[in-house]
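**Q** One structure coming up, written as structure tokens, with questions to follow.
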Amino acid sequence: VYSLDWTSEKNRIVSASQDGRLIVWNALTSQKTHAIKLPCAWVMTCAFSPTGQSVACGGLDSVCSIFNLNSPTDRDGNLNVSRMLNGHKGYVSSCQYVPGEDTHLITGSGDQTCVLWDITTGLRTSVFGGEFQSGHTADVLSISINGSNSKMFVSGSCDATARLWDTRVASRAKMELADCLTLGPDTNFKYIISNTVTTKWHM
């Protein structure tokens, strides 16, 4: 099992595993509510949408796939992909919906970039990194969106840095921090979790 995520109500879990299935669980009963056969078994990340009506996943196929849990299944009981977000040139290592929005999602990739997507159109809204000098110089492994300010997110990379981004200014990172991470809930400080130490950064 490579990745897990809760719904905002904390009553369901989605899990991604390299058995080729994305499974949605009722966390109260431990029963499966959906077992989604994936287009690519090599999945690395998964996420619930804020409303819990859809799930996203990505992996070595370099695509982020969206599944609407309310869609009808086919005759074999499988749920079809409702949207495929194509554009990364490397594996999709991480994905997270923008808080409060089922229509926007951010991905991190082995192509050294992060992308903000419009799920409705399937198009990239912004690309963070890549040709910009302030971007990562190695694979992006993790992302975390600020829960109190959804315009801000951080990305962690194999280049041993974390970078703070403002989605309104994709051309440059606002700050270079540490490596693999998550954001703390405090509105004035963010907690950056590295491989060896937890550092409290004021942003």
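**Q** At a 10 angstrom cut-off on C-beta neighbours, averaged per residue, how do the peptides 4-13, 93-102, 153-162, 64-73 rank from highest to lowest?
**A** Descending mean neighbour count gives 153-162, 93-102, 64-73, 4-13.
**Q** Among Ile23, Pro72, Ile119, pick out the residue whose Cα is farthest towards the positive end of the charge dipole of segment 3-178, where Lys and Arg carry +1 and Asp and Glu carry -1 on C-beta, about the Cα centre.
**A** Sorting the options by dipole projection puts first Pro72.
**Q** Moving on. Using a Gaussian network model on the chain with a 10 Å cutoff between Cα atoms, which of Ile145, Ile106, Ile23 fluctuates the most?
**A** Maximum among the listed residues: Ile23.
**Q** Would you mind telling me which residue in Thr125, Thr45, Thr29 has the biggest mean-square fluctuation in a Gaussian network model of the chain, where springs connect alpha carbons within a distance under 10 angstrom?
**A** Result: Thr29 has the largest fluctuation of those listed.
**Q** Now a separate question. Once the other residues with Cβ under 14 Å from the Cβ of Leu105 are scored (Lys, Arg +1; Asp, Glu -1), what is the net sum?
**A** Its environment carries a net charge of -2.
**Q** Then there's this: When the Kirkwood hydrodynamic radius is evaluated over all pairs of different C-alpha atoms of segment 27-119, what value in angstrom, to one decimal, is obtained?
**A** After inverting the pairwise mean of 1/r, the radius is 13.6 Å.
**Q** Also, I was wondering about something else. Give the long-range amide H neighbours of Ser94: residues separated by 5 or more places, or on another chain, with amide H under 5 Å away, using H modelled in the peptide plane at 1.01 Å from N.
**A** Gly108
**Q** Further, regarding this structure: If you look at just the Cα atoms of segment 81-148, how large are its Rg and its Dmax in Å?
**A** Taking only Cα atoms of segment 81-148, I get Rg and Dmax of 11.7, 35 Å.
**Q** Also: P(r) of the chain in 5 Å steps, Cα pairs, percent per bin?
**A** 1, 8, 16, 20, 21, 16, 10, 5, 2, 1, 0
**Q** Per residue, how large is the accessible surface of segment 114-155? Use a 1.4 angstrom probe and give square angstrom.
**A** On a per-residue basis, segment 114-155 sits at 42 Å².
**Q** I've got another one for you. Could you let me know the centre-to-centre spacing of segment 10-72 and segment 139-176, using Cα atoms, in angstrom?
**A** Using only Cα atoms to place each centre, the spacing works out to 24 Å.
**Q** Run the dipole for the chain about the Cα centre, Lys and Arg Cβ at +1, Asp and Glu Cβ at -1, nothing else charged, and hand back the magnitude in debye, nearest 20.
**A** It comes to approximately 240 debye.
The values are calculated or read from the model by the stated rules, or taken from the named source; none is laboratory data. All of these numbers come straight from a predicted model, not from anything done at the bench. Every residue, glycine as well, gets a Cβ built from its backbone with ideal geometry; the counts of neighbours run over all protein chains shown. Only protein heavy atoms, including side chains, enter the accessible area calculation; ligands, DNA and RNA are left aside. Shrake-Rupley method; radii C 1.70, N 1.55, O 1.52, S 1.80 Å.
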